[in-house]
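The values are calculated or read from the model by the stated rules, or taken from the named source; none is laboratory data. All of these numbers come straight from a predicted model, not from anything done at the bench. Cβ placement follows ideal geometry from the backbone for every residue including glycine, while neighbour counts extend to all protein chains displayed. SASA here: full protein model, heavy atoms, side chains in, ligands and nucleic acids out. Shrake-Rupley method; radii C 1.70, N 1.55, O 1.52, S 1.80 Å.
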Protein chains: 2
Amino acid sequence: MNEFRLDDFLPYLLNNAAESTSRAFSEHYRREYGMTRAQWRIMAHLGTFGALTASEICTRGFLEKSKVSRAVAGLEDAALLRRQPSAHDRRAELLTLTDKGQQVHADLAAYARSFSDTLTDRLGSDRAAQLAEILRDLIDPQPGD
Amino acid sequence: MNEFRLDDFLPYLLNNAAESTSRAFSEHYRREYGMTRAQWRIMAHLGTFGALTASEICTRGFLEKSKVSRAVAGLEDAALLRRQPSAHDRRAELLTLTDKGQQVHADLAAYARSFSDTLTDRLGSDRAAQLAEILRDLIDPQPGD
DNA sequence: AAGAGATGGTTGCATATGCGACAGTTGCCG
DNA sequence: CGGCAACTGTCGCATATGCAACCATCTCTT
């Protein structure tokens, strides 16, 4: 009969796990810096990978471009990032963190780090590493790119 | 220095994996039935577990209660589910799928099933099972419950 | 039995979101 | 070269969302 079991449906489990593990953390940057999830994600990308364009962030982070556009505007207003024209493409803008942005990123990264350690402890480091690896496999082949 | 690596941050990977694996599927029920993500999730719960109250769905699915409230209203308007008063608690309402709701659920479940098979193939069934198991461990201890 | 506090569900309001349309730019093919 | 498709980022609009306030009901303590 090919029954459907919600408890085994990977997208469902992934959504729950993502939601469950992101909530506590998101409350932190929300309280401390008034940042949204999209804003934190953009900061995290720039803090980790350096200068990126908005559309690169869209692709890497599975975010809508209008969402990124507005989140970037907010971060710019808060003086956390700066735009500069791309040398090779006049449509695109390179985004980089300001000094203030770097500081904020450093704080959030430290928090994220300790948060991550908690999760790893809970799973055991072997399984945590397994999980990360499998997730990367699952993510890589992005449908439309 | 305790560096922060976004590529190893589990909440990030989980969000990307969830988003990546949910997108194609969500396009389907959106197109076919005009349903939102929350609505599909509610249908999936009711289809799998039978009668539930809204708050049980909130807890299981990591959904805000106002989101559920409105999604349920929409599903009721579409005649996909029905409310009946709980025998033991006059505040609560038991939600169940209507016949039409069951049909829609059956269709979506079949689609989900084949979708799930694709993912499992891609990972290999061992790793897919590992993943599901680890995710369940990660989810279980829900912060505020 | 009474009141405090928790819980179920709805709703108002401000904000966030997705989609589609748009203007400007680029790259490619004939 | 000329033009057309693809791409970048922004914006308007309708809708979805989160939060807090709210009413009704339940539970627990005393």
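The table below lists the values:
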| item | result |
| --- | --- |
| Computed lengthening from B:E3 to B:A51, 0.36 nm per intervening residue step minus Cα-Cα distance | 12.5 nm |
| Sum of side-chain charges, A:R30 neighbourhood, beta-carbon under 11 Å (Lys, Arg +1; Asp, Glu -1) | +1 |
| Teacher prompt: B:Q130 distances to equivalent labels in other copies, 7 Å Cα→Cβ, nm | 0.6 |
| Kirkwood hydrodynamic radius of region B:63-115, from inverse mean 1/r over distinct Cα pairs, in Å | 12.3 Å |
| Semi-axis lengths, Å, region A:75-145, gyration tensor of Cα atoms, sqrt of 5 times eigenvalues | 32, 22, 7 |
| Accessible-area composition of chain A, carbon plus sulfur, in percent [1.4 Å probe] | 45 percent |
| Cβ-based net charge around A:G124, under 14 Å, with every Lys or Arg adding one and every Asp or Glu removing one | -3 |
| Per residue accessible area in Å² of the protein assembly as shown, where ligands, DNA and RNA are left out and the probe is 1.4 Å | 54 Å² |
| Total charge dipole magnitude, chain B, about the Cα centre, Cβ charges on Lys, Arg, Asp, Glu only, Debye to nearest 20 | 560 debye |
| A:R31-B:D99 FRET efficiency (beta carbon distance; Förster radius 41 Å; 0.05 resolution) | 0.30 |
| Cα coordinate range in region B:26-139, projected on the principal axes (Å, largest first) | 47, 32, 21 |
| Accessible area buried at the A-B interface, both sides summed, 1.4 Å probe (Å², nearest 100) | 5500 Å² |
| Calculated SAXS-style log₁₀ I(q)/I(0) at q = 0.10 Å⁻¹ - the protein assembly as shown, Debye, Cα scatterers | -0.60 |
| Spherically averaged projected area in nm², based on the convex hull that wraps the Cα atoms of region A:1-55 | 5.8 nm² |
| Relative contact order (%) - criterion: Cα under 8 Å, at least six apart; region: chain B | 19 percent |
| Average other protein chain Cβ within 10 Å of Cβ, residues A:101-114 | 2 |
